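Chemist: Sharing a structure, written as structure tokens. Questions coming.
The values are calculated or read from the model by the stated rules, or taken from the named source; none is laboratory data. Not measured: the values here are computed from a predicted model. Please note: Cβ atoms are built from the backbone with ideal geometry, for glycine as well, and neighbour counts cover all protein chains shown. Accessible surface is based on the protein model in full, side chains and every heavy atom, while ligands, DNA and RNA are left aside. Shrake-Rupley method; radii C 1.70, N 1.55, O 1.52, S 1.80 Å.
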Amino acid sequence: MKALRPLAALALLLLCALHALALLRAPTAWMPAQVTVALAPGAKLDLDGAMLGAPDAGPSLRLRRDPDGGWWLARTGGGALAFERDGNRHRSGSAALRAGQRFQLGASTFNVDAADGRTASFSSRGTGWRYDGATLLRDGAPQPACPDARIGARLAAGWNRFAPSFVTMARPLVFGGNLDCGNRIAIPGLPAPAARIARFDAALLLSAGASQFPLLLTDAGRTAALAGREERLDAGSAVIAGRTRLPLQLNGDLLHLRPAGNVALYADAQVALPPGVTWTWTRRALWTLPAQAAVPLSLAATLASIAAGIVCWIGRRRRTRRELAASVAGALLAACGLALFWLQRGGTPAGAGIAMLLAWAALWLAWWAPRRLPLALAAGILLLAAGLLAQLELGLGAPASIWLRHFQKTSWLLAAGVGLGTLLRPLRPAVPWPQARIEAVLMLLAGAALAALLLQVAFGDETGVFDLQPVEFAKLALSALTAHCLALATGGQPAPGGMLVRTLRLVAPALLFAGVLGVALVQVDDYSPLVLLAVWSGAMALVHALATRQRVASGLLLAGAALAVFGIALLRGAGPEGLSQWNFYADRFLVWLDPGSHPHTGQQLLLGARAVAEGGWFGADSAFGLASLGRGAGPALHIPAVQDDFAPSFFLNRHGLAAALVLWLLQAAFLAGLVKLALHCWQAQAGTRDFRRAWLARFRCFLLCGGAAFVFAHFLLSWGTNLAIFPVMGQPMSFLSAGGSHLLFFICPLLAFGAASAQSFEENEPCRASYRTTSNAKS
């Protein structure tokens, strides 16, 4: 379609104009640059997080000075409070276990016999306990699993019993309840968790729970309640109230704190403060580039120039000037994106305006770089622009500075992903690689994915590890391995290699699939990854059945999909009474069927439904969100995970159902574009006599289908969750939700692969036409 590129450019220009309009219309916002507290020796002052610049009030605090002038701070209620000293962070109301300590909870007293930061041994009433941050041993033997333990907790406990200590999963030790089981020690009369011990920064920390009975700790002959334990404030340390970090500086009778991270925003530079507390105000900066950015950006530009030079030298004989110029632009874009992302991780982010400009550069480079703009890439670019608009609106409309970081992070990672994909495009080989080299690369890809999943199991949680989500990279690796196996299985010639090699080809995808499934069961507290993998598996089985013309199998798979839809309807009709006896995620189904009876656990569902209803057809402002661009985000901001799992609810609230229909059409066009490219690749493999080219075409076909299946599953689960079609499941919506690992490790590679497949199809079209002409002449 020759008109596709100008139409995509026009739509992208419109969305970029909306980005700029939202940023220009953002009202002036003020926040505290410094909080100064004046306190005389021997005096006390009660504070809350709001007085320190932390949004949503935060924890209740008590600041005290002893007669010698020392400053002390304690949490007296609500919220989370932590202290940072010499690079080490520990939570308020907690203490590292050391030999000789004694702690008491209710009627039970425990003596700490030994503790070295990794393991702790303690005893109570003749019973000896040993805990290593993962497994609790009672008199040298593990306890049986608790009756209410889910399958993920049981699998994690089994793994910890036999795995080496450095790869065990951190699981807290909980006190309370009436039954000793798993990692739980019963305390009669106290519900769990009345207290807990957990591994944190190479130490085992004892912390108080929500029980009304105090946790008393005796250390060095002093006994005090752990929940209200005071911490001495030293120069150069920092206080963390919720998600607000406050580095402090002592100056005689004055304590200076500089809020950073999540800081409250105000329309005016005025706020009621108690005597002794003063603020120094500053305006929210949307177009600033931090002074620390000079060195990282210079280094990034140098490395980008070197990388671009190497790539251009390698591909100078095979690629056009357009591709080489795009590679240079991609190298600079990727380097800038990674440098600015590193600055944001360090706490000095560039302004939202800088992020918007970099995101524009990424979008327009993705539009311009390929000679042929396929439908999938055009729709993907517009979906990315729409997602950036929603995240920018959410960040500008929130009364806290932290919300803009989602838009900034998405912009940095989008620049990095698009830039790297464009940079590496000239390295595409003109002749397909030998089979052995391709399989070696795929095996390395699978090994890296399995290693990353193991790191998440050992050191991470359901949010990932080291701020990354290895499961997103594993989805890409799983799709590639499965595409390789299906490409070999559907070939007209037998696959090369002996029995062992052919077995490895089948085992590698199965191992990776098992790894993803294991992480889903162990780390994630809902069943959304299981549904995601089920949709992907069914889609790939259907594609294989259609490719091999197995009509019976295709019919059975389609019938299974229809039965799944019918099953959802049956669950909806069964009602809460029919599902109350279930043990498999019954609470989520009950909340879904009757959210009014579970107002706390059903908060996401209720608030999301209210936001969708307020949006109506034309948005909450009755102008498709145009009248509220850059303004307050409204009640939709209070939906939990509104930037991630419930981003569609915010979009419906702000822009209305009519705009959502346009978004649905773009999503359908993206999926249709991927399927169309896959069909072209399948047709191309029938027109070549080269086995390797035929395999490569089939590989592209199945990889595009696998990527489309995963994206379709994300669309299905996210819309189903936000519209209450399914029970609440925690999966982000591709393109719309706040970007991260899903954007960098899955969406950007999928878009780059789709663009490369379309270009390869265009390059090989003359060869196929020549082959068809020769064949017809011979006939």
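Chemist: Taking the Cβ-Cβ separation of Leu546 and Leu299 as r and a Förster radius of 45 Å, what is the calculated FRET efficiency to the nearest 0.05?
Modeler: 0.35
Chemist: Over what distance in Å are the Cα centres of segment 399-423 and segment 260-287 separated?
Modeler: 26 Å
Chemist: Given 0.36 nm per residue, what is the gain on full extension from Ala668 to Phe162 after removing their alpha carbon distance, in nm?
Modeler: So the extension gain works out to 177.5 nm.
Chemist: So what J values fall out for segment 644-661 if you push phi through Karplus, 6.51 cos²θ - 1.76 cosθ + 1.60 with θ = phi - 60°, rounded to Hz, Gly and Pro as x?
Modeler: After applying 6.51 cos²θ - 1.76 cosθ + 1.60, I find 10, 5, 10, 4, x, 5, 5, 4, 5, 5, 7, 10, x, 5, 5, 5, 5, 5 Hz.
Chemist: Within a Cβ distance under 14 Å of Leu626, other residues only, what is the Lys/Arg minus Asp/Glu net charge?
Modeler: On the way: positive: Arg25, Arg631, Arg654; negative: Glu393, Asp621.
In short, +1.
Chemist: Distance check, please: which entries in Lys409/Lys676; Lys2/Lys676; Lys409/Lys475 exceed 25 angstrom between their Cα atoms? Spell out each step's value before the answer.
Modeler: Numbers: Lys409/Lys676 32 Å; Lys2/Lys676 16 Å; Lys409/Lys475 21 Å.
Cα-Cα > 25 Å for Lys409/Lys676; rest within.
Chemist: Here's something else I'd like to know. How do Thr288, Thr127 stack up against each other in accessible area, from largest to smallest, with a 1.4 angstrom probe?
Modeler: Final ranking, largest accessible area leading: Thr288, Thr127.
Chemist: Using alpha carbons only, how many angstrom separate the centre of segment 611-630 from the centre of segment 727-747?
Modeler: Between the Cα centre of segment 611-630 and that of segment 727-747, the gap is 24 Å.
Chemist: Give me the percent of the accessible area of segment 305-374 that comes from carbon and sulfur atoms, probe 1.4 Å, all protein chains in place. Can you show the working numbers first?
Modeler: Values: 2190 of 3230 Å².
The nonpolar share, carbon plus sulfur, comes to 68 percent.
Chemist: If you don't mind, there's one more thing I want to ask. Given the Cα-Cα distance of Thr278 and Ala325 and 0.36 nm per residue of separation, how much length would full extension add, in nm?
Modeler: Net length gain for the segment: 11.5 nm.
Chemist: Using label points projected 7 Å from each Cα along Cα→Cβ, tell me how many nm separate Ala38 and Ser60, to one decimal.
Modeler: Placing both labels 7 Å along Cα→Cβ, they lie 2.7 nm apart.
Chemist: Roughly how many percent of the accessible protein surface of segment 668-721 is carbon and sulfur, given a 1.4 Å probe and a whole-percent answer? Intermediate results must be reported in sequence, preceding the final value.
Modeler: Working: 1120 of 1750 Å².
Roughly 64 percent of what the probe reaches on segment 668-721 is carbon or sulfur.
Chemist: Let me make sure I get this right: for segment 141-236, a, b and c are the square roots of the gyration tensor eigenvalues over alpha carbons, sorted descending. Under 1.5 in a/c it's rounded, otherwise prolate if a/b > b/c, else oblate. Which is it?
Modeler: Here segment 141-236 falls in the oblate category.
Chemist: If you don't mind, there's one more thing I want to ask. Quantify, in whole percent, the carbon and sulfur part of the accessible surface of segment 173-220 (1.4 Å probe; protein heavy atoms only).
Modeler: On the way: 1240 of 2120 Å².
About 58 percent, which is the carbon plus sulfur part of the accessible surface.
Chemist: Let me ask you something else. How far is the Cα center of segment 634-686 from the Cα center of segment 135-156, in Å?
Modeler: A separation of 42 Å, based on Cα centres.
Chemist: How far apart, in nm, are the 7 Å Cα→Cβ label points at Ala235 and Ala170?
Modeler: 3.2 nm
Chemist: Using the beta-carbon distance between Ser537 and Asn111 and R0 = 35 Å, what value does 1/(1 + (r/R0)^6) give for FRET efficiency, to the nearest 0.05?
Modeler: Numbers: r = 53 Å, r/R0 = 1.51.
So, using R0 = 35 Å, E works out to roughly 0.10.
Chemist: To continue, here is another question. Accessible area, 1.4 Å probe, largest first: how do Glu84, Glu472 sort?
Modeler: Values: Glu84 40, Glu472 15 Å².
The residues order as Glu84, Glu472, largest area first.
Chemist: Can you list the residues, at least 5 places off or on another chain, whose amide H is less than 5 Å from the amide H of Thr490, using H built in the peptide plane?
Modeler: Amide H neighbours of Thr490, under 5 Å, 5+ apart: none.
Chemist: Amide H of Ala33: which non-local residues (sequence gap of 5 or more, or other chain) have their own amide H closer than 5 Å, using H built in the peptide plane?
Modeler: Thr280, Trp281, Thr282
Chemist: For segment 718-732, in order, what is each residue's ³J(HN,Hα) by Karplus, 6.51 cos²θ - 1.76 cosθ + 1.60 with θ = phi - 60°, in whole Hz (x at glycine and Pro)?
Modeler: Once θ is set to phi - 60°, the couplings for segment 718-732 become 5, 5, x, 5, 6, 9, 6, 6, 10, x, 4, 10, x, 10, x Hz.
Chemist: In addition: What ³J(HN,Hα) values, in whole Hz, does the Karplus curve 6.51 cos²θ - 1.76 cosθ + 1.60 give for segment 67-82 when θ = phi - 60°, with x put for Gly and Pro?
Modeler: Listing the rounded values in order: x, 7, x, x, 9, 10, 9, 9, 8, 9, x, x, x, 10, 9, 9 Hz.
Chemist: How much accessible surface area, in Å² rounded to 10, belongs to the heavy atoms of Ile306 with a 1.4 Å probe?
Modeler: 100 Å²
Chemist: Got a sec? What order do Thr218, Thr244 fall in by accessible area at 1.4 Å, biggest, i.e. largest, first? Kindly include the intermediate steps, with their values, before the conclusion.
Modeler: Working: Thr218 25, Thr244 0 Å².
So, going from the largest accessible area down, we get Thr218, Thr244.
Chemist: So, taking all protein chains as they sit and a 1.4 Å probe, how much accessible area belongs to Lys475, in Å² rounded to tens?
Modeler: Counting only protein heavy atoms, the figure is 10 Å².
Chemist: Which of the peptides 276-284, 529-537 is most tightly packed, and how do the rest follow, judged by the mean count of other Cβ atoms within 10 Å per residue? Before the final figure, lay out the partial values.
Modeler: On the way: 276-284: 15.3, 529-537: 18.8.
My ranking of the peptides, most packed first, is 529-537, 276-284.
Chemist: Give me the distance in nm between label points sitting 7 Å out from Cα along the Cα-to-Cβ direction at Ala756 and Trp617, one decimal.
Modeler: Spacing of the two 7 Å Cα→Cβ label points: 4.6 nm.
Chemist: At a Förster distance of 60 Å, what's the computed FRET efficiency of Arg692 paired with Arg222, Cβ-Cβ distance as r, to 0.05? Spell out each step's value before the answer.
Modeler: Numbers: r = 75 Å, r/R0 = 1.26.
Efficiency for this residue pair is about 0.20.
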